[in-house]
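See structure below.
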Amino acid sequence: MILTQEQQAILNGEKGETLAKVMKTLVMYGDAFGAEKLVPITSKYNHLVTSFGLKVMSPVYDLMQQLLDAGVFSGQKFSVDPRPLDKNVPANFLQNFVFKNFMYTKQEFYEGQLQKLGLLDDDAFTCTCYMDEVGNKPEEGEVLSWAESSAVVYANSVLGARCNRNSGIIDIMGSIVGYVPYFGLLTDEGRKATWVVRVETSKMPEAQLLGSAIGMKVMEDVPYIIGLDRFIGTELDGKTTAYLKDFGAATASNGAVGLYHIANLTPEAKRLGESLIVEGAKEYVIDDAELARVQAEYPVMWKKEDATPNLCFVGCPHLSYEQLVEWTVNIEKGLQESGKKKVQIPTVLTAAPKVLEAFNASEYAPRLKATGVITSYICPLMYMNNPLCKKMPVITSSNKLRTYTTARYYRSEEILEIITKGAK
Amino acid sequence: MKQFQGRVITPGQVSAPAVVTTEGFNTLASFQMALQFGDKEVKCGDQNNRDLFGKPMIGKALCLPQTIGSTTGGLVLYCACAMHKNPACMLFSGPIDSLAAAGAVLADVWVDGVTMPVVDSLGDEFLAYVKDGMQITVKEGGIVEVE
């Protein structure tokens, strides 16, 4: 890798040993991909994936402390993934005890570290930092040092920014030195599609099921998706971007997709069309039968397969304002049809703190509350990530949550049916 | 014995029995429960990985195509190394992905006293040949011997 004089001086230790190690990390990381240079980060803000003060992750906090002790700070302010705890979310005495006394004992300490390192503000905890209400929304072509798989794939695909699937810690190291290695999704070549996916379903496919199918098939490759615009249109409005958020999260967690192109919709596909597809690209056809096959093959991790669900999470990744409104209306309608007043299973809708703030100021908030649904800023994945929750029959419309936990996946219409009419 | 030539991501020499997956290795899903709750064998917790689910990973030569999933993957791998709960080595049939590379590099630069050699680009034949339990030796220069 060819470094500038300034970069070489940092690597040589002229600005301290710790900064030299940060630079060495980025250079070795870039070398693994044949990167020939480091390029400046051009986004206003960064986004970090590590939001949780898990006792077991002590090596991460030790490393962060090394940075702080050496006076090494992020050059950018940043948002960070959701908090792992929220008292609004149902938890029994034992769960609360385990959360507070065994698992998340480092939460306060780590949040203190984040503040010193450059946290945007106390509400900047969400995986959907690109929501207008949150304000960390990069422009097309900007170079990022983000982590969080669902945010990276959204920034690349929907916003047209340029970011590799950086790991936690690498994310902040980029913004400490102000540069990232130039490879992969930062390059024009790396943004070309090596798969053509043809969507031939009879109706609009569920975003998180379609994303799962594509992620498992293409792994880390870039897919060019044809036929989806028939259902979701050719404009990036609120409904469509919410769909793409959920779709992308599933491609990234069930596979390793960092960028997708949707014909006639996403910015690069609109501008460059099928010239984005490399010669000899592989093909994957998705029809109703294929989606049914994918969903049927998800393993059921509950102890009793026919257990009655006792908790439902919707919002991994966090919901948009429009989605909160849509769920409110649909739940009201479902309850009306079933002749019930409240949801039949404790249900939590999650969204960014600032999105919730806007929602709570709307006419929909009291209507949703009246149905018995709880709203929260929590990370459902972190909530579920322990043996106590492992035993719980939790349902979700999130394919990401399904992947990492024992939560059982259902399509949104199935979730709606279960929570408003009761489980059979 | 069969020899394969790969590319060194992080150096080191080691000999260990293989555990093999031909599916993407989801680092967070595989390690999270084992690291959090002190599983000494560090059994793979990824329900979606039909090859590895429930199998011990600590001290094994982990043979895989690539890692997938959450971008916490690299720091999870880094933590596994810092806690001495890492595989003996990671051997990739194809080019390494950004999350595995980050984890390998972070461990190499920031963790003292732990060596986890990582070699990539060993070829599809490597993954077709190697089976669970086969003894693997990682030598200098990206040479991997499978007995």
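Of all the residues in the range B:47-58, those that are open to solvent by 10 Å² or more (accessible area, probe 1.4 Å) and either out of contact with any strand residue (DSSP E or B) (no Cβ under 6 Å at 6 or more places or on another chain) or at negative phi (or both) number 8. Within the range B:64-86, being open to solvent by less than 10 Å² (accessible area, probe 1.4 Å), within 11 Å of chain A (Cβ to nearest Cβ) and in a strand (DSSP E or B) holds for one residue alone: B:Thr67. For beta carbons closer than 8 Å, sequence separation of 6+ or different chains, a first residue in the range B:3-26 that is β-branched (Val, Ile, Thr) and a second that is open to solvent by 10 Å² or more (accessible area, probe 1.4 Å) and assigned to a strand (DSSP E or B), the qualifying pairs are B:Val14/B:Thr137; B:Val19/B:Pro56. For A:Ser51, the requirement of being over 30 Å from B:Met33 (Cβ atoms), open to solvent by less than 20 Å² (accessible area, probe 1.4 Å), in the same structural domain as A:Glu133 (by TED's automatic domain parsing) and polar (S, T, N, Q) is not met.
Rundown of residues vs (1) away from every other protein chain (no Cβ under 13 Å); (2) not hydrophobic (A, V, I, L, M, F, W, C), yes/no style:
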{"position": "A:Val373", "(1), (2)": "yes, no"}
{"position": "A:Ser376", "(1), (2)": "yes, yes"}
{"position": "A:Cys379", "(1), (2)": "no, no"}
{"position": "A:Met392", "(1), (2)": "yes, no"}
{"position": "A:Ile395", "(1), (2)": "yes, no"}
{"position": "A:Asn399", "(1), (2)": "no, yes"}
{"position": "A:Ile418", "(1), (2)": "yes, no"}
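So which residues in the range A:286-307 are assigned to a loop (DSSP other than H, G, I, E, B) and either in contact (Cβ under 8 Å) with a residue 12 or more places away in the chain or surrounded by 17 or more Cβ atoms within 10 Å (Cβ to Cβ) (or both)? Can you show your working first?
In the first step, residues of the range A:286-307 are kept if they are assigned to a loop (DSSP other than H, G, I, E, B); the result is A:287, A:297-307.
Within the range A:286-307, A:Asp287, A:Tyr298, A:Val300, A:Met301, A:Trp302, A:Lys303, A:Lys304, A:Ala307 meet the criteria.
Evaluated against (1) in contact with a helix residue (DSSP H, G or I) (Cβ under 7 Å, 6 or more places away or on another chain); (2) at the interface with chain A (Cβ under 10 Å from one of its Cβ atoms); (3) within 25 Å of B:Lys131 (Cβ to Cβ); (4) of a type outside the set (D, E, K, R), B:Phe53 falls short on exactly one condition, (1). Taken as a whole, the structure leaves A:Thr18 outside the set of residues that are in contact with a helix residue (DSSP H, G or I) (Cβ under 7 Å, 6 or more places away or on another chain), under 30 Å from A:Ala249 (Cα atoms), at pLDDT 95 or above and assigned by TED's automatic domain parsing to the domain that holds A:Leu144. Residue count for the range A:14-39, restricted to those that are part of a loop (DSSP other than H, G, I, E, B), under 17 Å from A:Asp188 (Cα atoms) and away from every other protein chain (no Cβ under 12 Å): 2.
One line per residue, one yes/no per condition, for (1) at the interface with chain A (Cβ under 8 Å from one of its Cβ atoms); (2) crowded, with 24+ Cβ neighbours inside 10 Å:
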{"residue": "B:Leu62", "(1), (2)": "no, yes"}
{"residue": "B:Ala88", "(1), (2)": "no, no"}
{"residue": "B:Ser98", "(1), (2)": "yes, yes"}
{"residue": "B:Ala102", "(1), (2)": "yes, yes"}
{"residue": "B:Val118", "(1), (2)": "no, yes"}
{"residue": "B:Gly123", "(1), (2)": "no, no"}
{"residue": "B:Gly133", "(1), (2)": "no, no"}
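Spot the failing condition for A:Cys129; the list is (1) hydrophobic (A, V, I, L, M, F, W, C); (2) crowded, with 21+ Cβ neighbours inside 10 Å; (3) assigned to a helix (DSSP H, G or I), and only one is missed. In the conditions (1) hydrophobic (A, V, I, L, M, F, W, C); (2) crowded, with 21+ Cβ neighbours inside 10 Å; (3) assigned to a helix (DSSP H, G or I), A:Cys129 misses (3) alone. Of all the listed residues (A:Ser175, A:Ser145), the sole one being buried (at least 24 other Cβ atoms within 10 Å of the Cβ), within 14 Å of chain B (Cβ to nearest Cβ) and more than 17 Å from B:Gly69 (Cβ to Cβ) is A:Ser145.
Which of the numbered conditions does B:Gln36 fail, given that it passes all the others? Conditions: (1) surrounded by fewer than 23 Cβ atoms within 10 Å (Cβ to Cβ); (2) in contact (Cβ under 8 Å) with a residue 40 or more places away in the chain; (3) within 14 Å of chain A (Cβ to nearest Cβ). Of (1) surrounded by fewer than 23 Cβ atoms within 10 Å (Cβ to Cβ); (2) in contact (Cβ under 8 Å) with a residue 40 or more places away in the chain; (3) within 14 Å of chain A (Cβ to nearest Cβ), only one is false for B:Gln36: (2). When you check A:Val152 against the structure, is it in contact (Cβ under 8 Å) with a residue 12 or more places away in the chain, in contact with a Phe, Trp or Tyr (Cβ under 6 Å, 6 or more places away or on another chain) and either within 14 Å of chain B (Cβ to nearest Cβ) or open to solvent by 20 Å² or more (accessible area, probe 1.4 Å) (or both), yes or no? Yes: the conditions hold for A:Val152.
The residue pairs whose first member lies in the range A:63-91 and is in a loop (DSSP other than H, G, I, E, B), whose second member is open to solvent by less than 20 Å² (accessible area, probe 1.4 Å) and charged (D, E, K, R), and whose beta carbons are closer than 6 Å, counting only pairs six or more residues apart or on different chains, are A:Asp81/A:Glu148.
Take residues that are in contact (Cβ under 8 Å) with a residue 24 or more places away in the chain and open to solvent by 10 Å² or more (accessible area, probe 1.4 Å) and tell me which of the strands (runs of 3 or more DSSP E) falling wholly in the range A:179-285 contain 3 or more. Give the derivation first.
On the way: elements: A:179-181, A:193-199, A:223-226.
Passing ranges, in order: A:193-199.
Residues being more than 13 Å from chain B (Cβ to nearest Cβ) and either open to solvent by 10 Å² or more (accessible area, probe 1.4 Å) or within 18 Å of the chain's Cα centre (by Cα) (or both): count how many of those fall in the range A:401-416. Lay out the reasoning, then the answer.
Residues of the range A:401-416 more than 13 Å from chain B (Cβ to nearest Cβ): A:410-416.
Right, trim to either open to solvent by 10 Å² or more (accessible area, probe 1.4 Å) or within 18 Å of the chain's Cα centre (by Cα) (or both) and you get A:410-414, A:416.
Adding up the residues that qualify gives 6.
For the range A:369-424, give me each residue that is outside any helix (DSSP H, G or I) and hydroxyl-bearing (Ser, Thr, Tyr).
Here is the first cut: in the range A:369-424, the residues outside any helix (DSSP H, G or I) are A:371-379, A:385-386, A:391-398, A:405-411, A:422-424.
Listed by number, the residues that qualify are A:Thr371, A:Thr375, A:Ser376, A:Tyr377, A:Thr396, A:Ser397, A:Ser398, A:Thr405, A:Thr406, A:Tyr409, A:Tyr410.
Rundown of residues vs (1) crowded, with 23+ Cβ neighbours inside 10 Å; (2) more than 20 Å from the chain's Cα centre (by Cα); (3) under 24 Å from A:Leu54 (Cβ atoms); (4) not β-branched (Val, Ile, Thr), yes/no style:
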residue	(1), (2), (3), (4)
A:Asn330	no, yes, no, yes
A:Lys333	no, yes, no, yes
A:Gln336	no, yes, no, yes
A:Lys342	no, yes, no, yes
A:Ile345	no, yes, no, no
A:Ala351	yes, no, yes, yes
A:Tyr364	no, yes, no, yes
A:Val373	no, yes, no, no
A:Tyr383	yes, no, yes, yes
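The values are calculated or read from the model by the stated rules, or taken from the named source; none is laboratory data. Note that this is a predicted model, so its numbers are computed, not measured. Quick reminder, even Gly has a Cβ in these numbers, built from the backbone with ideal geometry, and neighbours come from all protein chains shown. Side chains are part of the model used for accessible areas, which takes the heavy atoms of the whole protein and leaves out ligands, DNA and RNA. Shrake-Rupley method; radii C 1.70, N 1.55, O 1.52, S 1.80 Å.
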